[in-house]
Amino acid sequence: MAEELERQRERAPAQFGGLDYAPAPEATDHVSLRADHGLLIGGRWVAPASERRFKTINPATEEVLAEVAEAGEEDVDAAVKAARAAYAKVWSRMPGAERAKYLYRIARILQERAREFAVLETMNGGKPIKESRDVDLPLAAAHFFYHAGWADKLDYAFPGRRPAPLGVAAQVIPWNFPLLMAAWKLAPALAAGNTVVLKPAETTSLTALRLGEVLLEAELPEGVVNILTGAGATGAALVGHGGVDKVAFTGSTEVGKAIQRTLAGSGKKLTLELGGKAANIVFEDAPLDQAVEGIVNGIYFNQGHVCCAGSRLLVQESIAEPLVDKLKRRMATLRVGDPLDKNTDVGAINSRAQLDKITELVASGEADGAQAWQAPCELPTRGFWFRPTVFTSVAQSYRIAQEEIFGPVLSVLTFRTPDEAVEKANNTPYGLSAGVWTDKGSRILELANRMRAGVVWANTFNRFDPASPFGGYKESGFGREGGRHGLAAYLDLSS
Ligand code: NDP
């Protein structure tokens, strides 16, 4: 009875004396939206030679925010040529200590304009303001700061080698962390002495374009970074351009494979950071309340639009019931809705296409026989939304246990022994990340060794640091981003 009362109180605090949160919307009046945007080529904003444009919206309201240029082949060619000229004449010849000054400057401007960027990221992508403000922006600045520190120390980073830049890097990024992914890609490339052509995702171009303004404000020499907005065809034209020396891609495994086919035999350097289906493993000796917070952070952070999301919860059988019960109670307290509200935990799904994909996969889970439970919350009438969902009675063969859903949907499986946990965790075509929750340090070390995952978090989840290499095994891609390993991907270390 007491437990039921507590449950009710958590689900509907307003009934118990109006303890619900008041709205706390972040103001948007300090973000000036431009009606239309050009392409950043050779240090100038130019209209697309393709003359094509598309609209970009706020997924929480479906309101059109701006028009964005769609770069065609001619634009791609102009951008690659601008990057080549900047590489040959300026950037590859500049001492590392001088390159570092630009990176520091970019980092500082990002910090100064953090509020504006966070609001714009939330408006264009749908993620909660508390995440764009507290995660995306600080980490984006941190990536520039960190790599600025390496720019004049490459000889020390790779002793006995003569590190040399590769040339022009083509970088294609996804929509789940638009500014942060741009920072992940640009900072190491620039620190290593390469120039760049960057293609942001179609649904989330606005912060990348505003980053272009920051680069101009930092007086980065013209052509060192070129930004081409557009859709998949723009990305394909860029990665297939003959003037590119290195390709870095983050996105779906399907497109990653297509890029690999395009580059096969070309001798160009390639790094792929693709999908994931991470196991988050909870042993019976784990602190359950702490684990519940980690599970929630693992799958409901950024609406589950996270390549390393802990989308498969593996629970030791003896604690499955109490853990899932605690998890549901915690999920009932998640605040879903207006991403600009500072109390919101789960924002809008990034696009209608992504919402359709999540809906279809959840329907397949129900048809397969898994039991879905959804957090009881009211969803706004406009925009794209999905309730935080947990599936129990999941078999390993179900699509919801195998495929990347990329939404706020968790599949729960159980295990009895550590061996079974490892076997189930590795039973996936992916291998990007994993989590282990246990009181035993020795077990953490043993499991980390046996798990085919690029990152293994212990008693935590979704932690990122520019100094820590990130990347996958198997269909999650290859190459690392972050740390010295990430720098190596932008350098020729053969001599
Ligand atoms: P994509 O892989 O299509 O998009 C990633 C980036 O690649 C975007 O900039 C995209 O452009 C671009 N792109 C698309 N096609 C090509 C191509 N042929 N050559 C070069 N670049 C291309 O992901 P989606 O946005 O279509 O999402 C589909 C699924 O992929 C999601 O449901 C999710 O499961 C997974 N995904 C995984 C991510 C990860 O970080 N691992 C990130 C994003 C998605 P544009 O956006 O304009 O189409």
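Every number in this text was worked out from the coordinates using simple rules, so none of it is lab data. Values in this document were obtained by computation on a predicted structure and should not be read as measured data. In this analysis, Cβ positions are derived from the backbone assuming ideal geometry, glycine residues included, and neighbour counts consider all displayed protein chains.
State log₁₀ I(q)/I(0) for the range 223-367 at q = 0.18 Å⁻¹ as given by the Debye formula over alpha-carbon point scatterers of equal weight, solvent excluded.
With one equal scatterer per Cα and no solvent, log10 I(q)/I(0) is -1.13.
Two-decimal Rg/Rh of the range 279-458 from alpha-carbon positions, Kirkwood Rh? The partial results should precede the final answer.
Numbers: Rg = 15.6 Å, Rh = 16.4 Å.
Result: Rg/Rh = 0.95.
Counting only helical runs of four or more DSSP H residues, what would the 222 nm mean residue ellipticity of the chain come to if each run contributes -39,500 (n - 2.57) and the total is spread over all its residues?
Values: 17 runs with 187 residues, N = 495.
It comes out at -11500 deg cm²/dmol, rounded to the nearest 500.
Using only Cα atoms, find the angle between the long axis of helix 253-263 and the longest principal axis of the chain, and express it within 0 to 90 degrees, rounded to the nearest 10.
It works out to around 20 degrees.
How big is the chain by the Kirkwood estimate over distinct Cα pairs, in Å? Could you put the intermediate results ahead of the total?
Working: mean 1/r = 0.0430 Å⁻¹.
Final number for the Kirkwood radius of the chain is 23.3 Å.
How about K268: which lysines have a C-alpha closer than 28 Å to its C-alpha, ignoring those fewer than 8 places off in the same chain?
Those lysines meeting the cut-off are K81, K89, K153, K185, K199, K246, K257, K474.
Rg over Rh of the range 115-197, using C-alpha atoms and the Kirkwood radius, what does it come to?
Reported Rg/Rh (Cα atoms, Kirkwood Rh): 1.07.
Using the 10 angstrom Cβ neighbour count as an exposure proxy, how do K257, K246, K268, K55 rank, fewest first? Intermediate results must be reported in sequence, preceding the final value.
Working: K257 14, K246 24, K268 18, K55 10.
Exposure proxy ranking, most exposed first: K55, K257, K268, K246.
Find the relative contact order for the range 303-371 and round it to a whole percent, using C-alpha pairs within less than 8 Å whose residues are 6+ positions apart. Can you show the working numbers first?
Numbers: 28 pairs, mean separation 14.0, N = 69.
Relative contact order, the range 303-371: 20 percent.
Please label the shape of the range 94-253 as rounded, prolate or oblate, based on the square roots a ≥ b ≥ c of the eigenvalues of the alpha-carbon gyration tensor (a/c under 1.5 means rounded; beyond that, a/b larger than b/c means prolate, else oblate).
On the way: a/c = 1.86, a/b = 1.22, b/c = 1.52.
In terms of gyration-tensor shape, oblate.
Once amide H atoms are built 1.01 Å from N in the peptide plane, which residues 5 or more positions from N343, or in another chain, come under 5 Å H to H?
Residues meeting the amide H criterion: A24.
Have a look at G193, P138, A100 and report the one farthest towards the positive end of the charge dipole of the range 83-201, computed about the Cα centre with Cβ charges (Lys/Arg +1, Asp/Glu -1).
G193
Which whole-number percentage describes the relative contact order of the range 279-458, with Cα contacts under 8 Å and a sequence gap of 6 or more? Intermediate values should be presented prior to the final figure.
Values: 316 pairs, mean separation 51.7, N = 180.
After rounding, I find 29 percent.
Could you list T389, T333 in order of exposure, starting from the residue whose Cβ has the fewest other Cβ atoms within 10 Å?
Working: T389 23, T333 13.
By the 10 Å Cβ count, ascending: T333, T389.
Compute the signed sum of charges (Lys and Arg +1, Asp and Glu -1) over the other residues within less than 15 Å, Cβ to Cβ, of T414.
Details: positive: R312, R416, K424; negative: E284, E317, E321, D325, D419, E420, E423.
With Lys, Arg at +1 and Asp, Glu at -1, the neighbours total -4.
What's the local net charge at H37, with K and R +1, D and E -1, over the other residues with C-beta under 15 Å away? Before the final figure, lay out the partial values.
Numbers: positive: R34, R44, R52, R53, K55, K199, R210; negative: D36, E51, E67, E70, D75, E202, E213.
So the surrounding residues net to 0.
Of the beta bridges DSSP finds with both residues in the chain, what % are antiparallel, to the nearest 5?
Values: 20 of 59 bridges.
The antiparallel proportion sits near 35 percent.
To test your reading of the geometry: what angle, between 0 and 90 degrees and rounded to tens, separates the Cα axis of helix 114-125 from the longest principal axis of the chain?
70
How far is helix 137-150 tilted off the main Cα axis of the chain, in degrees rounded to 10, range 0 to 90?
Roughly 50 degrees, rounded to the nearest 10.
How do T56, T359 rank when sorted from fewest to most other Cβ atoms within 10 Å of their own Cβ? Show your work: numbers first, answer last.
Numbers: T56 21, T359 13.
The most exposed by this proxy come first: T359, T56.
Binning at 5 angstrom from zero up to the longest distance, how are the C-alpha pair distances of the range 319-415 distributed in percent?
Answer for the range 319-415: a P(r) of 2, 13, 23, 23, 20, 13, 5, 1, 0 percent.
Counting Lys and Arg as +1 and Asp and Glu as -1, each charge on the Cβ, what is the dipole of the chain about the Cα centre in debye, to the nearest 20? Please list the in-between numbers first.
Values: 55 positive and 60 negative charges, 300 e Å.
My answer is approximately 1440 debye.
Could you name the aspartates and glutamates in cross-link range of K55, using Cα to Cα under 12 Å and dropping any fewer than eight places away on the same chain?
D36, E63, E67, E70, E202
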